[in-house]
Amino acid sequence: MNDAIITASALVKEYGRGAARVEALRGIDLQIPRGSFTCIVGPSGHGKSTLMHLLGGLDHPTGGTVTVDGEEIFRFGNRRLAALRARKIGFVFQFFNLLQSLSAAENVEAALMLAGAPEARQKERAAELLATVGLAEKAGARPGQLSGGQQQRVAIARALANDPPLLLMDEPTGNLDSAAEAEVMEVLEGLNRQGKTIILVTHSAEIAARATHLVRVRDGRIEDPPPLQMAS
Ligand code: ADP
């Protein structure tokens, strides 16, 4: 049985044209195991974010395919792709992008409303999701009254609105101090234990050390792990 939740084949992404052309991805083949905590690592500017965006169907490749949960996503038109994204994937980015005038609960409720949750369920479900990220007592606080780690946990609760099997994150702790990073990682590891597949782009060696799987990107390609040194 193939237990990959995402498969990418011969994935190529070019930006720009002519002299300005950049080959951000030069032929990526990979499989993300279902239930894994996969970190995408590598030097800055080598294609990690581009890869994450394509795996999540946020951008179109120049060539190649991506299959998410058995569906080849770039065969779809934009509407169907957006619907698949909404069902299957929660996104979390470095900057939390919360609505500042809304409380934590209302930020999550807004996502539930967009997801089409029945109105009567929205409040209850938002409260459950905030409890999942350890913020039950902060439901009424606005983002400005929350720490960075707490704001990112609200963003994670919001990403869970549709109960997607997959969470894709681009440097979710890139803007946080180490205590807040630990707080967010604890929440993510809890979600992973509950069965969510997590794919996270990171520069942090500490975070990468906690991954179950690593994808190393260099010069737009997957880099094999360094060969083991033979003991002399
Ligand atoms: P990383 O996430 O590893 O820092 P990126 O995927 O952001 O790398 O970028 C890979 C390459 O693609 C870089 O050379 C970057 O400048 C280029 N790139 C990324 N996004 C765009 C864009 N929208 N337009 C043009 N070039 C881009």
Karplus-derived 3J(HN,Hα), 6.51/-1.76/1.60, for each residue of the stretch 102-114, Hz, glycine and proline x: 9, 6, 3, 4, 5, 4, 6, 4, 4, 5, 5, 5, 4
Ranked by how many other beta carbons lie within 10 Å on average, peptides 196-208, 162-174 from highest: 162-174, 196-208
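Which order do peptides 185-194, 45-54 fall in by mean Cβ count within 10 Å, highest first? If you can, show how the numbers build up before the last one.
Details: 185-194: 16.1, 45-54: 21.8.
Sorting 185-194, 45-54 by mean packing, highest first, produces 45-54, 185-194.
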Helix 148-159 axis, angle to the chain major axis (alpha carbon atoms, nearest 10°): 80 degrees
Within straight-line cross-link reach of Lys88, lysines at Cα separation under 26 Å, skipping those fewer than 8 residues along the same chain: Lys13, Lys48, Lys123, Lys196
Environment charge at Gln150 (Cβ cut-off 9 Å; Lys +1, Arg +1, Asp -1, Glu -1): +1
Within straight-line cross-link reach of Lys138, aspartates and glutamates at Cα separation under 19 Å, skipping those fewer than 8 residues along the same chain: Glu106, Glu109, Glu124, Glu128, Glu181, Glu183, Glu186
Estimated FRET transfer efficiency when R0 is 25 angstrom, pair Ser101-Ser147 (beta carbons, to 0.05): 0.85
Label-point separation in nm, Gln194 to Thr212, each point 7 Å along Cα→Cβ: 1.6 nm
Exposed chymotrypsin sites (Phe, Trp or Tyr not before Pro) absent: longest stretch of the chain, with sites in DSSP loops and at most 15 other Cβ within 10 Å deemed exposed: 96-232
Over the chain: helical MRE at 222 nm, DSSP H runs n ≥ 4 each giving -39500 (n - 2.57), nearest 500: -10000 deg cm²/dmol
Beta bridges by DSSP in the stretch 4-230, antiparallel share as percent, to the nearest 5: 50 percent
Shape of the chain, Cα gyration tensor, a/c cut at 1.5: prolate
Degrees between helix 78-88 axis and first principal axis of the chain (Cα, 0 to 90, nearest 10): 70 degrees
Folded to 0 to 90 degrees: helix 119-132 orientation relative to the chain principal axis, Cα: 70 degrees
Cα centroid of the stretch 138-212 to Cα centroid of the stretch 48-99, whole Å: 19 Å
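Read the figures in this text as sums done on the coordinates, not as results from a lab. Just so it is clear, the structure is predicted and the values come from calculations on it, not from any experiment. Neighbour counts run over all protein chains shown; Cβ positions are idealised from the backbone, glycine included.
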